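The block underneath contains the structure these notes are about, expressed in structure tokens.
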Amino acid sequence: MRFFRFLLLSGWACAFAVRADLPDYQAFPATGQQLLLWVASERGRAEPEVRAAQQLAAQGVEVWSLDLVNAYFLPQLPGSMDAVPLQELADWLRASQASGKRVIVVAVARAAAPVLRAAALLEPAERQRLCVILMYPNLYTVAEPLAAPDYLDLGTLTGLSVRVLQPRRSAATPWLPGLLDHLALHGVLVSQGMLENLREGYWARETPTEFEIAESRRMDAMLLRELNAWGCK
Amino acid sequence: MKRLLTTCVMSLLLTSGTQAAGFEARAATAAPGLKAQDLSGAPKTLADYRGKVVLLNFWASWCPPCLREMPSMEQLRVKMAGRPLTIVALDSAETPDEVNAYLSRMKLGFPILLDPDGSNTKRWNVFALPTTFLLDAEGRVRYVLTGPTEWDEGEALGVIESLLAELPAQANQVEYGRSTPR
């Protein structure tokens, strides 16, 4: 009896150990052939992001929603993204590809940094199968007035397809060309889309405009539109 | 447990780094060029303000902290009327229509300049809004502030007064002139 209990406990412990290699995420299952990995910003996951995931799943796009600050008990700050275990994130990307579906990663703000660094840990063939959408990515090490910007080292990203979605109403918009150049230097196949009349994190602003409220309710449609326009289906 | 401890230590380090920095003093370096237009389309450069202390504020009409500090900037203008201080608010990367829509709701008496292509924003390496530069009468950057403040009181007023105090007493004599907002 004692041996049987030991076996059960060992089995449970092993299962936990395997599970612990992947970050905790929220799954929104769907039967379609696309799997969208939504990685929330350093501010954590907001309710409209969950709603968008549900809407996408209802249209056949499976969504795995990952809130890094919650999964790793990190403070809601950009610097927290440097503490994300990259190997676990890379394993999560591999696990998504093992589903056999077309995997698209959406990373918001500073979450772009660990996502790209995890993509750099993948084998070249795995990386080439990924599509990554970066929403207003923050990839700076230093961004101080009167000083030229300095960017994060991201590793080798050869063959990775990235589309940057930049809200027009952002202090980062004038700097977008430099950021795209930086990604291209890492081997990224990069393109961009401009989100007109929107601000960064428009779905979670304290004082959203009417347009931002409306757009946060149709984030699913915006993403599907971008995916179709981009050709990453 | 180890992860939890690491997280706690990191939280302390990271949060201590987010405290308001206030005004950052600079070593009197020459200011980058300013090539902008005012609302009437007239070209403006820093040379237009030479001989005065200049408060150069980068802002945008979609930026709530920028709009929050605008009334205090207007009050500063009124308070300093006749003294050698020029307040210039340079709108970053918006169209004249967007700027005018805001100005129709908020009456400001200081010059608003336009930077529709963001070229000045890049030349001054502005990455966050609002960002404000305080220039001395010789056109050198002396202080930088990232984020909003109450311009007509406290530290902000003290810093401006310290720059004005560097000018000859004659220059600080009050001249009575235009002080009504447009």
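Counting residues that are modelled with pLDDT of 95 or more, away from every other protein chain (no Cβ under 14 Å) and more than 13 Å from the chain's Cα centre (by Cα), which helices (runs of 4 or more DSSP H) fully inside region B:19-123 reach at least 1?
Those helices (runs of 4 or more DSSP H) span B:64-79, B:96-103.
Return the pair list, or none, for Cβ contacts closer than 7 Å from residues in region A:44-64 that are closer than 17 Å to A:VAL103 by Cβ to residues that are surrounded by fewer than 18 Cβ atoms within 10 Å (Cβ to Cβ) and of a type outside the set (Asp, Glu), at least 6 apart or on different chains.
A:ALA57/A:PRO29; A:GLY60/A:THR31; A:GLY60/A:GLY32; A:VAL61/A:GLY32; A:GLU62/A:PRO29; A:GLU62/A:GLY32; A:GLU62/A:LYS101; A:TRP64/A:ALA27
Considering only residues of region A:187-198 that are out of contact with any Pro (no Cβ under 9 Å at 6 or more places or on another chain) and crowded, with 20+ Cβ neighbours inside 10 Å, which is nearest to the other protein chains (Cβ to nearest Cβ)?
Only one residue tops the list, namely A:VAL190.
Just give me the residues in region A:83-111 being within 14 Å of another protein chain (Cβ to nearest Cβ), part of a helix (DSSP H, G or I) and crowded, with 18+ Cβ neighbours inside 10 Å, in sequence order.
A:ALA83, A:ALA109, A:ARG110
Looking at B:LEU103, B:LEU134 in this structure, which one is surrounded by fewer than 22 Cβ atoms within 10 Å (Cβ to Cβ) and of a type in the set (A, V, I, L, M, F, W, C)?
B:LEU103
Checking the condition assigned to a strand (DSSP E or B) and either crowded, with 20+ Cβ neighbours inside 10 Å or in contact with a Gly (Cβ under 6 Å, 6 or more places away or on another chain) (or both), which residue from A:PRO174, A:PRO137, A:PRO167 passes?
A:PRO167
The values are calculated or read from the model by the stated rules, or taken from the named source; none is laboratory data. Nothing here was measured: the structure is a model prediction, and the numbers come from that model. A quick note on method: Cβ atoms are made from the backbone with ideal geometry, for glycine too, and the neighbour counts reach across all protein chains shown.
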